[in-house]
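The values are calculated or read from the model by the stated rules, or taken from the named source; none is laboratory data. Values in this document were obtained by computation on a predicted structure and should not be read as measured data. Here the Cβ is made from the backbone with ideal geometry for all residues, glycine too, and neighbour counts use every protein chain on show. Accessible surface is based on the protein model in full, side chains and every heavy atom, while ligands, DNA and RNA are left aside. Shrake-Rupley method; radii C 1.70, N 1.55, O 1.52, S 1.80 Å.
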Amino acid sequence: MKQRLVVSIENLNHYYGKGTLRKQVLFDINLKLHSGEVLLMKGPSGSGKTTLLTLIGGLRSAREGSLKVLDQELCGAKTKDLVRVRRDIGYIFQAHNLLESLTARQNVQMSLELHDDGKQDIRATAAEMLEKVGLAERVDYYPDNLSGGQKQRVAIARALASHPKLVLADEPTAALDSVTGRKVVELMRNLAKEQGCTILLVTHDNRIFDIAERTFEMEDGRLFERELS
C-alpha cells in the first residue's frame, strides 16, 4: 500500500523578532514524513528542535518556504487553517500537561470531545484507551495519585484517542527512568502503528534512539538525516 505524504517541508526558514532584533533560528529545512513512519529528531538544547516541532504542529505559522501538513500549507497560514490541521495531530510533551482537577478518564475525554461526531460513547472510548495503555484500574485516579510514567501513559491515551494522523512528541521520556521511558515509547509506537499514524519524536534520550526508522539531527538550526547504526 502506497504511503501517504503527511509532512512536506521545502526550504523552510524561520525567524524570531523584527528589524534589527530579528534572529534566524531555522535554516533551509527540508523534510518529508510518510504515513506509518516513526522518526526521531535529536540535537542539543537551543538547536531549533522544539521550534520546528511547533511549526509542524500548527502551533504557530511558519515564516518562509513551504511547510505542508496533511496537504495544508502552513507557511503564512491563517489561524483558522492552523486550527483545522491541529485537529488531526496528537501532542505528547515532557510535562504531560494533564489537568490536575480531572481524572485520567476525564483528561482523555477532553480530547475526544473536540472530535465528537455523536457516533461514539466518549466515556467508554476513553476508558478503553486507558485500558490499552495499562491503566484500566486507574481510570478514575487524579494526576496527583499517578506516577510519572502513569501520567505519561494518560497523555499518550489522550493524544491517540481521537486517531490522529500525526503524533508529535517533545521529550516524552525526559522525566522518566530508563525502564519506564522505554515502555512509554514502545507503547506510543505500537499504538500509533496500530492506528497507522506517523510519529515524530524529539529527544535527547539516547536509550530510545533504536525505536525509530529514520533519525535526524538538528544543529544550529539546520537539519541533517543520520544513518541508523
_Solvent-accessible area, 1.4 Å probe, carbon plus sulfur percent, for segment 61-141_ = 45
*Kindly provide the trypsin sites (Lys or Arg not before Pro) of segment 118-225 that DSSP labels as loop, not H, G, I, E or B, and whose Cβ sees at most 16 other Cβ atoms within 10 Å.*
LYS119
*Taking a probe of 1.4 Å, how large is the accessible area per residue of segment 1-127, in Å²?*
53
*Mean Kyte-Doolittle of at least 1.0 plus a Cα span of 30 Å or more along the axis: flag which DSSP H helices in the chain meet both, please.*
none
_On the principal axes of its Cα set, how long, how wide and how thick is segment 19-72? Give whole Å, largest value first._
42, 28, 19
*asked:* With a cap of 16 neighbouring Cβ atoms within 10 Å, and only residues DSSP puts in a loop, list the trypsin sites (Lys or Arg not before Pro) found in segment 60-91.
replied: ARG60, LYS78, ARG87
_Within the accessible area of segment 142-208 (1.4 Å probe), percent carbon and sulfur_ = 44
*Taking GluC sites (Glu not before Pro) as exposed when DSSP calls them loop (any state but H, G, I, E, B) and at most 10 other Cβ atoms lie within 10 Å, what is the longest stretch of the chain free of them, the sites themselves excluded?*
101-226
*the chain: antiparallel DSSP beta bridges as a percent of all, rounded to 5*: 50
*Taking the Cα centre of segment 1-117 as origin, sum charge times position over the Cβ atoms of Lys and Arg (+1) and Asp and Glu (-1), and report the length of that vector in debye to the nearest 20.*
380
*asked:* Cα atoms only: what Rg and Dmax, in Å, come out for the chain?
replied: 17.6, 56
*Which lysines does LYS151 reach when only Cα atoms under 25 Å apart count, and residues fewer than 8 places away in its own chain are ignored?*
LYS42, LYS49, LYS132, LYS165, LYS183, LYS193
*So what's the projected area for segment 55-167, the Cα convex hull averaged over all directions, in nm²?*
7.6
*Residue order for CYS75, CYS197 - accessible surface, 1.4 angstrom probe, largest first*: CYS75, CYS197
*At q = 0.16, 0.27 Å⁻¹, what is the log10 ratio I(q)/I(0) for segment 57-114, with the Debye formula run over Cα points and no solvent?*
-0.61, -1.06
_Descending Cα extents along the principal axes, segment 129-211, whole Å_ = 33, 27, 16
*asked:* So if I place +1 on the C-beta of Lys and Arg and -1 on the C-beta of Asp and Glu, and nothing else carries charge, what would the dipole magnitude of segment 55-204 be about its Cα centre? I want it in debye, nearest 20.
replied: 300
*asked:* Per DSSP helix of 4 or more residues, -39500 (n - 2.57); summed, then divided by the residues of the chain. What does that give at 222 nm, rounded to the nearest 500?
replied: -9000 deg cm²/dmol
